[in-house]
Structures are given as C-alpha cells and as structure tokens.
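Below: one structure, written as structure tokens.
Nothing in this text is a laboratory measurement; each read-out follows from the coordinates by a stated rule. Predicted model only: the values in this text are computed from it and were never measured. Here Cβ is always computed from backbone atoms with ideal geometry, including for glycine, and neighbour counts include all displayed protein chains.
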Amino acid sequence: MKPYPLWKTMLLIVVSLVGFVYALPNLYGEQPAVQIATVSGDMLPAAFADQVKAALGAANVEYDVSDLEHGQWIVRFNDEARQLKAAAALKKALNPAGRPPIYTVALNLAAKTPEWLLAIGARPMSLGLDLRGGVHFLLEVDTQDVTRSALTRYLNDTSRLLQDKNIRYNGRHQGSDAISLTFPDEATLSKAREVLAKAYTELAFKTAPDNARPTLDMTLTPTQAKEIVDNAVDQNLITLRNRVNELGVAEPLVQRQGASRILVELPGVQDTTRVKELLGATATLEYRAVDQDNNAEQASTTGVVPVGDQLYYTREGHQPVLLKRDIIAAGSELVGASSTFDENGSPAVSVTLDSAGAKRMLQFTQRSVGKPMAVLYKETQVETSYTADGKPVRTRKNVEDIISVATIQGVFGKRFQTTGLTSKQAHDLSLLLKSGALAAPIDIVEERTVGPSLGAENIHSGMMAVVVGFVLVITFMALYYFVFGLFADFALCLNLVLIIAGLSIIGATLTMPGIAGIVLTIGMAVDANVLINERTREELRNGYPPFTAMKLGYDRAFITVADSNVTTLIAALVLFVLGTGPIKGFAVTLALGICTSMFTALIGTRVLCYYVFRGRKLKDLPV
C-alpha cells in the first residue's frame, strides 16, 4: 500500500481540532441575565458593583454572578423569575423617578462560555427569533411626510433665491406633490424659471396655461424623489439600529424591506413594552429662527399668531416662543453630533450637517449673527386601543416643543456648536441628535411576539429531527457497509461538528430553516461515501486487489462526488443571493454542509482507511 500524503493527515487533524474547539461553546448553554449600560455610552462608574449589589439586596434577589463583561455590566441568575424581579428592582434603583434615565436595563440570555474559549473568539451560535423567542416588528416609513418636508424646503429656498436676485413674485403655494409661485407677468416668470432651472436641476418646471395667472409649478424629478425617500429610509435604519443598541440585544436584525419598510427582529427580548416605547418614539428635529419682533406671550394669550410664524413652547418651563415657518435645517440633514465644550469651557453640542443643510445654515447665519436660533423637537406618538372584538386601532398624537434656544455667535455652515446649555442638557441633546432624530415618522404596521416556550419547543423539535435522522443514517451505513460504513459514520459525526463550528465562527444565526438545512445535509453527506463504497465494490468485482480497488474507488468516484455537490452548492448560492431572511439561513447551512461533507468524505474516510489497513495483507475489503 502506497504511503498516504502526510499533509492531508495533518490537515484532517488540524481541521478536526479547530472544529471541536469552536463547536464546544454550544454545549455550555445560556442563563437568564440582566444587562446594564449607560444611556450615553460612557463607562460605568467605579463603584457601580456596590450600587447593583445594594439594589438587589434591598429587593432580596439572589444572583449567580455580577461582573463587567465587554463594557457592560452583566448580572446572571439561575432562573427567569429572579431575572424579572431583579430587572424591575434595578430599573427603579438606578433610574430615579422624575429624572431622565441614566442607565438602560435589558433582559437577556448570557452565554456560559468559559473565558479561555472567549479569549480565542470561540462563541456559541446565535439563535434566531423562532428558536430563542423575541419580538418581530415591521415598520412603515411615512414617505409622504418625507416628500412634503422636502417640498417645503425647496419652496423656502426658491423664494429666498428669487428675493436675492430681485425677482418679484406675487404668491406661493404648496400642494401634496408640487410647489408653485405666481408672478406679475410672463416676462418675470420666464426670468425666474431661467434662474431656478439653473440652480435646481433636481426640480422639474412647468408653466400654467396662457389664460391663467403666470404660475410656475415645480415638482421633484422621479430620480430626486426616489433619492430623498431612500435617504430618509436609510437614515431611519441607522437611527433605529442606534435605538436597538440601547436594549443590549444579542444579534438584533434591523434591515430594510422594500421601498419604505424596515424589519426589526430582536431575539431573546422578553420586555416587549420597552421595545415598543423605544421604536414608537418617532422624532424629528428642526432648526428654526426665533421671531424677536413680535410678542410670544401676547400670541399665546390671544391665540393670534403673526403671519409667517408658528407658536411653540419650551420643554422646560413651558415658555411660549414664536418661530419662523422657514426650516433652516431638519433632522434628515444631520450627519453627526457630540457633546463637547466651547472655547470658554462651557458645555456645548457640536453638530455636523450635510451639504444641503450646511448651505442653508451658512446663508442664514451670515445675516443672523447675535440672533437666537431654536431647536424644535417633533414627535409622533402612536397610541393603540382595541375595539370590542379585539381589533387594534392606532391613533397618532403629535408632540412639538422646543428643546434648545441659543444665540448665534458667528457665521457657520457645515459644523457648528449649540451653546448656552448645562452639562446634562448638552449630553441629552447630543444623544437625541445622534440616535433620536428620524428623517421621517414611522408606524408599527406588523407586530409579532414569539414566546420563549415556543422557541424551546422549536429547538426540541429541531434537535429531535437532527438526532433521529443522524441515528437512522449511521445505523444504515454501519449495517450495509460494515467497516467502511463505520468510516462513513465517523465522517458524518465530524461533518456535524464542522457545520456547528463553521456557523459559530462566521457568526451566522441559526433558525428553523437552518436546522432543516442541517438535517438535509446529514442525508446528503453520506452520498459521497455511498458513491465511493459502491465504486470500490465494483472494482473488487472487476478483479482488482483490495488496496488497488480502494484507491480506484476514491479516485474514480471523485468526479461524480464533486459534480453532484457543486451543482447543489450553486443552487445554495442562488438561494442566498436571491432569498431573504429564513431562506438565507437555509442556504448558509446547506452550503457549509456541502463543503464540510466533501472534505470529510474524500479526505477523512481515506485517512482512516489508510491507517486502519496499513501493513495488513487483505484478500478482501469489509465493504
């Protein structure tokens, strides 16, 4: 018998060891835990352990471990009853009533993986919503609000540009999908159209019929309208991800679905009320000029608001303030924000705008140094009530108040600071600008909760399917192919370990379709061994000696094995590229299983054959 290449033996040993190590974390399981982090994202205070211990001691809750893990405080418990009781006690103790929350307290399931495995990056597979339980939300972005806000900005911008060019217009109007300006005569309209068309290539222009007043209608081009909606949905996506991160959920899924919808899935979340509050807090921000020429108190008392103004109230103190209708910059144009200090060492918020917002801010500040500018917070709260037959009825409630009024100290555009704040106000405002501002309101159009008990049932059913399929296959192979069947059984066991290790290494989320992919892979994995064993039998019948028949069996079956597996791999890749959600999970496990089954069948069993039969004089093979 010719020596088998040593590198293939070493490769099998190395791959097997790596596979067992990285599959090992999945045996340790998880335990109920409470995860605590600061709302601001700052580090926890030095004496935080004593705070947690005191809060749990006062509530008479026993815990297993309380320690800092990966920048967040994790308290582990032996059962869910203690977990829920502890979460309530910690929320009450760490976030006193009547004050803004300082800490986020989230329920979670913490892995019990030893530190030495975590140190080498070995972590358990993440379980999907259908296995772990959790919440599923489908959110709808209000695209009409996005378009309406964009048209409002263009109406203000075009009006201001014509004023700068000394082109007079008689009136202006905004419809649901268009804005219009009326002019005293056709010559003025023609001149205005020429100026505006040059400045705003993203607008489509159309004049009214000759017998009507000279009117210039402006609409968004299809490309620009789509870009505005896409940008708003993408910004909402980023904002929602920031909000979800506050929950401390392991492996959250926040992704765009279609033109205007966002899918949010949070495995392991048990506090669904907290999630609804977080996702339902749809908010936008607007920077506006403060009207100093009119009396806000008088407008509030009489109810008569000057033309071109709107009356709002400050969040703290509920003081009336008159704001100009024109929007300088909106939440959709905010690129970034952070709390900082000005040149005098006073708390401030540093804000960065995109190019469009920066241009308008620069134009405004050039003529408004020394004047106040307000930050208007607008929130759409969705309240759900139920009819007598149990059907949900959603009503919207608009909340609008001023969170900051600051004096413009100099000319600025893209980057500027909001001053005149306390340290706490600066921190809260920066947090709101970074993660609280949505480009457009959203609404929860679909909501589904998967309980932990149902997830546990799914895991049990899935594991039973894997175990039953596995036992049936290895029993059949051992009875039908004798020793070579045992080689195939070893390859099948190694294949299952490598699949689990691979899913853990790439950070894939295991779902029920993923388990189906594993079950299918178990059945398909022995196909290669069946082909090899049958080919070896055929070579024996053709009169070849045992070792030659075994070598020819592997060599001549290789093309058939490769061909059948590659075609299935192509199908899995197509499913991954074109599929969504569960289909992708199925495709990942199927593709990974195909690769590992080819490796274990073509190399694993051949290495076993070599070392088992090496040095023996065989008259026949136990196949």
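One residue stands out among those in the range 578-623 that are among the aliphatic types (A, V, I, L, M) and part of a loop (DSSP other than H, G, I, E, B): the one that is nearest to PRO267 (Cα to Cα), which is VAL623.
Looking for something more than 41 Å from the chain's Cα centre (by Cα), in contact (Cβ under 8 Å) with a residue 24 or more places away in the chain and at negative phi - is there at least one such residue anywhere in the range 504-523? So that I can check it myself, show each step before the final result.
Our first condition is that a residue be more than 41 Å from the chain's Cα centre (by Cα); within the range 504-523, this holds for none.
Scanning the range 504-523, I find no residue that is more than 41 Å from the chain's Cα centre (by Cα), in contact (Cβ under 8 Å) with a residue 24 or more places away in the chain and at negative phi, so the answer is no.
Filtered by the rule that a residue be in contact with a Ser or Thr (Cβ under 8 Å, 6 or more places away or on another chain) and not polar (S, T, N, Q), the range 172-198 gives ARG172, HIS173, ASP177, ALA178, ILE179, LEU181, PHE183, LEU189, ARG193, LEU196.
Of all residues assigned to the range 302-319, at least one qualifies as being free of Cβ contacts under 8 Å to residues at least 40 places away in the same chain and assigned to a helix (DSSP H, G or I).
Rundown of residues vs (1) under 30 Å from the mean Cα position of the chain (by Cα); (2) acidic (Asp, Glu), yes/no style:
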site: PHE20; (1), (2): no, no
site: ASN26; (1), (2): yes, no
site: PRO45; (1), (2): yes, no
site: GLU62; (1), (2): no, yes
site: VAL65; (1), (2): yes, no
site: ARG76; (1), (2): yes, no
site: GLU80; (1), (2): yes, yes
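Here's the yes/no breakdown for (1) polar (S, T, N, Q); (2) in contact with a strand residue (DSSP E or B) (Cβ under 9 Å, 6 or more places away or on another chain); (3) surrounded by fewer than 20 Cβ atoms within 10 Å (Cβ to Cβ); (4) within 20 Å of LEU486 (Cα to Cα):
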| site | (1), (2), (3), (4) |
| --- | --- |
| ALA516 | no, no, yes, no |
| THR521 | yes, no, no, yes |
| ARG535 | no, no, no, yes |
| LEU540 | no, no, yes, yes |
| TYR544 | no, no, yes, no |
| GLY553 | no, no, no, yes |
| THR568 | yes, no, yes, no |
| GLY604 | no, no, no, yes |
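Take the range 362-378 and flag every residue that is aliphatic (A, V, I, L, M) and either surrounded by fewer than 17 Cβ atoms within 10 Å (Cβ to Cβ) or in a helix (DSSP H, G or I) (or both).
The first filter runs over the range 362-378 and keeps only residues aliphatic (A, V, I, L, M), leaving 362, 369, 373-376.
Within the range 362-378, LEU362, VAL369 meet the criteria.
Against the test of being more than 13 Å from MET524 (Cβ to Cβ) and surrounded by 15 or more Cβ atoms within 10 Å (Cβ to Cβ), the options ALA572, ALA587, ALA562 yield a single qualifying residue, ALA587. Scan the range 69-126 for residues that are in contact with a Lys or Arg (Cβ under 9 Å, 6 or more places away or on another chain) and over 30 Å from THR511 (Cα atoms) and the total you get is 3.
The residues in the range 169-203 that are surrounded by 12 or more Cβ atoms within 10 Å (Cβ to Cβ), part of a loop (DSSP other than H, G, I, E, B) and under 37 Å from the mean Cα position of the chain (by Cα) can be counted, and the count is 4.
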